[in-house]
């Protein structure tokens, strides 16, 4: 019985010793790493980290500036697009002076009629002028002025007290110059050829008037419409109407 106890005690002690040896072996095999750098090495490492942080902050600041510049450019592009749209609408409405390829037309009395004692015409009728303008528009005329008066969609040509007037401007004497502008010189050449074979010349001749059509010109300047444009049946929208933008 005592021998059994001694064997058990020996086994227990051996197990404890073996366990301790195993722990010691693992500790020696994987020692805990310690920072063995001196003070100057630590300061140098800290300085490197601060430099890296400074570089990152500089890069972040640069990216933020680029984003702000991009947003500003987008905003300016929208504003420029709006300005371009307004300018385009003004051009279409005839509110700007335009220089374009086109023709010069001239209405004047027939000088030859003086020899046979026929009274010279001193004015052109509204109907004759309207027919001429309609024919020019039919042949792709885009910008037109008559006696320095720009013709637009709302222009009124009528007889007032036996005097032809364009939006209140009286065509009181001859000759009258008509300027016609188009988009391209090719269109101007086509317009010239069509007007040369048109019956407009004959219609003016019947009224003792001579219609002269110049050859295409690269630079015809048509003045802007200088009268107030009346807008009917439109009302300004209130701030809370029209939906959100």
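Grab the beta carbon distance between residue 173 and residue 80, set R0 = 41 Å, and tell me the FRET efficiency rounded to 0.05.
Using R0 = 41 Å, I get an efficiency of 0.35.
If you take the beta carbon distance between residue 224 and residue 65 as r and set R0 to 35 Å, what does 1/(1 + (r/R0)^6) give as a FRET efficiency, to the nearest 0.05?
The pair residue 224/residue 65 has a calculated efficiency of 0.20.
Compute the distance in nm between two label points, each set 7 Å from the Cα along the Cα-to-Cβ direction, one at residue 205 and one at residue 52.
9.6
In nm², what is the average projected area of the convex hull enclosing the Cα atoms of the stretch 38-93?
Average of the hull's projected areas for the stretch 38-93 equals 3.4 nm².
Would you please put 143-150, 76-83, 180-187 in order of how densely packed they are, using the mean number of other Cβ atoms within 10 angstrom per residue and starting with the highest?
Ranked from most to least packed, the peptides come out as 143-150, 180-187, 76-83.
Cβ neighbours within 10 Å, averaged per peptide: list 59-67, 131-139 in order, most packed at the top.
By packing density, highest mean first, the sequence is 131-139, 59-67.
None of the figures in this text is laboratory data; all of them are computed from the coordinates on show. None of these values were measured; they are calculated from a predicted model. We place every Cβ from the backbone using ideal geometry, glycine too, and count neighbours over all the protein chains shown.
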